[in-house]
Amino acid sequence: MTRAVVFGYHNVGVRCLRTLVAAGVDVPLVLTHEDNPAETIWFDSVARTAAEYDIPVISPADPNAVDVVERIAACKPDFLFSFYYRAMLKPPLLALQQRGALNMHGSLLPKYRGRVPVNWAIIHGETETGATLHYMLDRADSGDIVAQQAVPILPDDTAKEVFDKVTVAAELVLSRVLPALLAGSTPRIKQDDSASTYYGGRKPEDGTIDWSKSAIAIHNLVRAVAPPYPGAFTTVAGRRARVLRTRVLDASKAPARDPSMTAENGRLVARCGGGGSLAILKLEFDGAVVSATDFAGTHATGVSLGG
């Protein structure tokens, strides 16, 4: 029986682990992460999933530590699989497998190597992304591609909605290619490094809205960081606010010299410094959603967003 040690986290980790078990792969050990109490945990647990199948689970601070490497080596794995695991696996660890070390990445490589690829794809206005199964090297997301599955990004999709699609794409990719992978007959497609892009992680403060940008750019940011992510932040009349949902009303509208937000016909409208106007469908102050009627009652003439 084929043996595979799995490094996994998040929904992609859960679905891909289930896919391996369903295919009859022997998984003697799963490595995952302890949940960060400062992070909103909206996704499923790899640890709980492994426990369902009586698979031993460990959550080392460093998967490349000597004792961890020794434990993995004792499993004598044919494969190592990384499914949305957040730590880089170093060469001594990658070398423990007999038949391959593979990672499932949430983009159509070589584009969007690195961290949070779904969020970055939305920020940049991409109309599709997907999942890529590839061999691991000591450079992030740069190894030969085995298979990919694309999914669409619709104009108003949030990161959560796209991530749900990517999770399904990852399961489809692994299910489709696993028989050939176990048989040793999968292709290896070299990535075109000249076409690659790489992006790092994001922090909550990276969601601050720059109203000098276009309506489309601001809309893309809002949906890329919408809950369960921290949301897009701004200041309205001196108060910190979160813009949680928007829609582009008119992308061709001339740039506003003084970006502003007003209540018009029962909805909030923002005119943007880079051109275009946005419907602000969900605006929050101090955890409470503010309606257009309430906003108009307090700011009858609207507010400037320029500073």
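The values are calculated or read from the model by the stated rules, or taken from the named source; none is laboratory data. Keep in mind that what you see is a predicted model, and the values were worked out from it rather than measured. Note that we place each Cβ from the backbone using ideal geometry, even for glycine, and neighbour counts take in every protein chain shown. Note: areas computed on protein heavy atoms with side chains; ligands, DNA, RNA excluded. Shrake-Rupley method; radii C 1.70, N 1.55, O 1.52, S 1.80 Å.
The table below gives the values:
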{"quantity": "Selection from the stretch 120-162 of residues that are modelled with pLDDT under 95 and under 19 Å from Leu278 (Cβ atoms)", "calculated": "none"}
{"quantity": "Selection within the stretch 50-93 - surrounded by 13 or more Cβ atoms within 10 Å (Cβ to Cβ) and among the small types (Gly, Ala, Ser)", "calculated": "Ala50, Ala51, Ser59, Ala73, Ser82, Ala87"}
{"quantity": "Residue match in the stretch 176-190 (condition: touching a His at 6+ places or on another chain (Cβ under 9 Å) and either part of a strand (DSSP E or B) or aliphatic (A, V, I, L, M) (or both))", "calculated": "yes"}
{"quantity": "Unmet requirement for Ala169, which otherwise passes all of (1) surrounded by 15 or more Cβ atoms within 10 Å (Cβ to Cβ); (2) under 30 Å from Glu284 (Cα atoms)", "calculated": "(2)"}
{"quantity": "Odd one out for Asp44 among (1) of a type outside the set (A, V, I, L, M, F, W, C); (2) out of contact with any His (no Cβ under 8 Å at 6 or more places or on another chain); (3) modelled with pLDDT of 95 or more; (4) farther than 24 Å from Leu182 by Cα", "calculated": "(2)"}
{"quantity": "Unique residue being open to solvent by 30 Å² or more (accessible area, probe 1.4 Å) and on the phi < 0 side of the Ramachandran plot when the list is Ala292, Ala288, Ala279", "calculated": "Ala288"}
{"quantity": "Residue check for Gly184: of a type in the set (Gly, Ala, Ser), at pLDDT below 95 and over 30 Å from Ala288 (Cα atoms)", "calculated": "yes"}
{"quantity": "Candidate set: the stretch 19-40, residues that are open to solvent by 30 Å² or more (accessible area, probe 1.4 Å) and farther than 16 Å from Tyr85 by Cβ; chosen: the one modelled with the lowest pLDDT", "calculated": "Ala38"}
{"quantity": "Where a residue in the stretch 227-255 is touching a residue at least 40 places away in the same chain (Cβ under 8 Å) and its partner, wherever it lies, is open to solvent by 50 Å² or more (accessible area, probe 1.4 Å) and assigned to a loop (DSSP other than H, G, I, E, B), with Cβ under 6 Å and at least six apart", "calculated": "Pro228/Thr40; Pro228/Trp42"}
{"quantity": "Any pair with Cβ under 6 angstrom, 6 or more apart, that starts in the stretch 150-179 at a residue that is closer than 16 Å to Leu17 by Cα and ends at one that is open to solvent by 50 Å² or more (accessible area, probe 1.4 Å) and of a type in the set (Lys, Arg)", "calculated": "Thr167/Arg15; Glu171/Arg15"}
{"quantity": "Qualifying residue in the stretch 184-207 (condition: open to solvent by 60 Å² or more (accessible area, probe 1.4 Å) and over 27 Å from Met88 (Cα atoms))", "calculated": "no"}
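Condition check ((1) more than 24 Å from Pro230 (Cα to Cα); (2) in contact with a Gly (Cβ under 9 Å, 6 or more places away or on another chain)) across all residues:
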| residue | (1), (2) |
| --- | --- |
| Ser260 | no, yes |
| Leu268 | no, no |
| Cys272 | no, no |
| Gly275 | yes, no |
| Leu278 | no, no |
| Phe285 | no, no |
| Val290 | no, no |
| Thr301 | yes, no |
